[in-house]
Amino acid sequence: MRTLPTKLSGMITALAVLACLTAARIQAEERDTNLRQQALKLNEITGTEARLGEQEKLLKDKAAAKKLVAEAARMAAEKPQPFTYNATLILGTVALGVKDYRAAETFYRLHLDQAKQLRSAKGLMAAYRGLVASAFAKHKYAQAERLCAEASQNEIILAAFQSLVGSGKDKNEELDELKGFISTMLELQIDAIARQGDADRAIKMVDRILGEQADSWAGLDLKGRVFRLTGKNEEALKAYEDEIQRLKEDNDLKKKKKEEYIDNARYAQSGVYIELDQVDKAVETLKELLAKHPDNPTYNNDLGYVWADHDMNLAEAEKLIRKALEEDRKQRLKEGQKKNPKLKPEEIKEPGAYLDSLGWVLYKQKKYVEARRYLRQAVENMIEQDEPESIEIYDHLGDVLLALGQKAEAVAAWKKGIQAAGNSKREQKRKEEVQKKIKANE
């Protein structure tokens, strides 16, 4: 059998490679052209209802949405940028939905500039909401603080607010939206300051904004959150105790609302008790809340998780967590069917946190294969439903994988957890523990 000379064979191979590269380049150009056209068609969308519908449609296929966002972000760098007012808001929302935070910031910044030119308070609010959400998602709390301050002091938004306040129309949806926006931005600014570990500055801001109402039950609730975020758990516990007392003394609140607010404060206390390693008090509080609200998914999940995490009542803990998943599914199916009557139970995605609890209690019972399935699903659902990624869930998954002898996969899970860790003292402490696990198993 005759063979080709080496030189000629090499030339043929090179030509084949070149042909493949050329074909790939042509395909990429065609794909980019299609994506550009799809992105530019967003400029044709007008009206709030059409915009919301387009956002929902795009986010149904997140893989395709990511490609569209990436190409649109490249287009946005062109001079002049090619997107209209509605298109930038659609692209910003979709980018946030697929967790492309850099692109989200690009589009929301463009929308912010467009809204300023139009002097649109509604557009400014939408842009600031997106920018703040993106900053929080990236754990850029100093940036979030600046954006919140800028938003709450924006002269166009404040002018719109003042014009409605002076109009005499107290029951006005637009006025309510503006009030709610400014209040939310101020609360998020306090939250961002607290997440930077500066409790004193956050508390001073609460006092400055609320004035004489700073020690009302609402003010104390906000202070309790600040203290929790900054690791000042004794102070947080005292703030919630004082809040509950103020609520009991408030004669203006309707009974049902009062009970709801008291339950919320007591639930917050249960979390503080865990931070203070007062597990018995946390369990007692959650049991009392569960006695009042036996079908509440959160209370079922939390009591089950606390027991599991402390190797207590594991069989009962598993029952509680499974009930939490069942009740949550019922509630979300009911809510979802209001929008889509054809929604089926199997289309409901369970919360990552609840699946994590179930995986963890199964791990504690040495049911490692089953635990791995639920923890992997927890990670998938967390990502798919745009829940904040959690170092705790990745840590649990790593522990289960290690128990199954999958050391490399365990280390990979822990490393993802490190990337997801926030700045709170609790998460930083867990981060240190996870880093030790990585070092011991690499």
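The values are calculated or read from the model by the stated rules, or taken from the named source; none is laboratory data. Given the structure is predicted, the values throughout are model-derived calculations rather than measurements. Neighbour counts are summed over all protein chains in view; Cβ atoms, including those assigned to glycine, are modelled from backbone coordinates with ideal geometry.
Summed over segment 71-105, the residues that are touching a helix residue (DSSP H, G or I) at 6+ places or on another chain (Cβ under 8 Å), charged (D, E, K, R) and part of a helix (DSSP H, G or I) give a count of 3.
Of all residue pairs spaced 6 or more apart or on separate chains, those with beta-carbon atoms under 9 Å, a first member in segment 362-380 that is closer than 16 Å to Gly417 by Cβ and touching a residue at least 40 places away in the same chain (Cβ under 8 Å) and a second member that is crowded, with 18+ Cβ neighbours inside 10 Å and of a type outside the set (A, V, I, L, M) are Tyr363/Arg372; Tyr363/His396; Tyr363/Asp399. Taking segment 103-117 as the range and being out of contact with any Ser or Thr (no Cβ under 8 Å at 6 or more places or on another chain) and closer than 12 Å to Ala72 by Cα as the test, the residues that pass are Ala103, Thr106. Taking the criterion of being within 19 Å of Gln117 (Cα to Cα) and either surrounded by fewer than 24 Cβ atoms within 10 Å (Cβ to Cβ) or hydroxyl-bearing (Ser, Thr, Tyr) (or both), the residues of segment 84-100 that qualify are Thr84, Tyr85, Asn86, Thr88. Scanning segment 307-322 for residues that are surrounded by fewer than 22 Cβ atoms within 10 Å (Cβ to Cβ) and in a helix (DSSP H, G or I) yields Asp309, Leu314, Ala315, Glu316, Glu318, Lys319, Arg322. Restricting the search to segment 185-204, which residues are at pLDDT 95 or above, within 19 Å of the chain's Cα centre (by Cα) and surrounded by fewer than 18 Cβ atoms within 10 Å (Cβ to Cβ)? Matches in segment 185-204: Glu187 only.
When the residues of segment 156-174 are filtered to those that are modelled with pLDDT of 90 or more and among the aliphatic types (A, V, I, L, M), the one that is nearest to Leu118 (Cα to Cα) is Ile156.
Restricting segment 106-145 to residues that are more than 16 Å from Thr93 (Cα to Cα) and not in a helix (DSSP H, G or I), which is modelled with the lowest pLDDT? If we take residues in segment 106-145 being more than 16 Å from Thr93 (Cα to Cα) and not in a helix (DSSP H, G or I), then His139 is modelled with the lowest pLDDT.
In segment 299-319, the residues that are over 15 Å from Gly359 (Cβ atoms) reach residues that are surrounded by fewer than 17 Cβ atoms within 10 Å (Cβ to Cβ) and β-branched (Val, Ile, Thr) with C-beta atoms within less than 7 angstrom, at least six apart or across chains, in these pairs: Val306/Val279; His310/Val279.
Matching residues to (1) in contact with a helix residue (DSSP H, G or I) (Cβ under 7 Å, 6 or more places away or on another chain); (2) at positive phi; (3) small (Gly, Ala, Ser):
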| position | (1), (2), (3) |
| --- | --- |
| Asp311 | yes, yes, no |
| Ala324 | yes, no, yes |
| Asp328 | yes, no, no |
| Gln337 | no, no, no |
| Lys349 | yes, no, no |
| Ser357 | yes, no, yes |
| Arg372 | yes, no, no |
| Leu375 | yes, no, no |
| Ala403 | yes, no, yes |
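The set of residues in segment 46-69 that are outside any helix (DSSP H, G or I) and within 16 Å of Gln385 (Cβ to Cβ) comprises Lys60, Asp61.
Restrict the check to segment 416-439 and report whether at least one residue is farther than 28 Å from Ala192 by Cα, surrounded by fewer than 19 Cβ atoms within 10 Å (Cβ to Cβ) and free of Cβ contacts under 8 Å to residues at least 12 places away in the same chain. Yes, some residue in segment 416-439 is farther than 28 Å from Ala192 by Cα, surrounded by fewer than 19 Cβ atoms within 10 Å (Cβ to Cβ) and free of Cβ contacts under 8 Å to residues at least 12 places away in the same chain.
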